[in-house]
Amino acid sequence: MSMFTRYTPAARAAVVRAGLLSLAAGRHVLDEDAVLVALAETRPFDRPLAAFEVSVAAVHAAVLPGGAADAALLATLGIDLAEVRRRMPRPVDDPARWELRRSRSRPLRVTLRGPAAALRLTARARKVVEVARHRPGPDGRVTGEALLRGLLADGSNRSVRVLAGLGVPLRPLAAELDCLRHAA
């Protein structure tokens, strides 16, 4: 069974977006940095977070800098990526076509699998989804707020340093997330 069954549609879409960002950056794993960019882009929160005022462009530049886009690389081979995506039966970014699964034989291996690829979550990204799963929203489902809380749970990860470097007040953000979790 997919771990996504306990996710809100917005949180599920954010994780799928993180996977697509990793693929676009040429990565073969899903790490916590891509989760941060996806949270900044999609804002899968029930309410705006006052302490999470951060520019998507600044987060993207700090986390997934440079590199040629897939479309440009494929164009050098004469492949129009937009046309390939248009011809697909359903969009690659459709969250319903993706699943988040834990390996039965290797319980520490979690994989985001969809029509575009299968991405193994790094240990830090796995921690994000584990903390989110164990500290869900008021209705017991994993929310965007829970994913952000999972990201903040490990103060030693690069994404937390990126947020601090961009001026995000981490303690007030954590307090705001805790207040939202307990409000129902």
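No value in this document is a laboratory result; all are computed from the given coordinates. Given the structure is predicted, the values throughout are model-derived calculations rather than measurements. Methodologically, a virtual Cβ is constructed for each residue, glycine included, from the backbone with ideal geometry; neighbour enumeration extends over all protein chains shown.
Taking a spot 7 Å from the Cα of Arg120 along the direction of its beta carbon, which residues of the stretch 15-43 have an amide N less than 13 Å from it? Residues 28-31 fall inside that zone. Out of every Cα-Cα pair that the stretch 3-183 contains, those further apart than 22 angstrom amount to 44 percent. Please work out the FRET efficiency for the pair Leu74 and Arg101, using the Cβ-Cβ distance as r and a Förster radius of 41 Å; give the result to the nearest 0.05. The calculated FRET efficiency here is 0.90.
Just from its helices, what would the mean residue ellipticity at 222 nm be for the chain, if runs of 4 or more DSSP H residues each count -39500 (n - 2.57) and the sum is divided by every residue, rounded to the nearest 500 deg cm²/dmol? Provide the component values of the computation, followed by the final result.
On the way: 9 runs with 91 residues, N = 184.
It lands at -14500 deg cm²/dmol.
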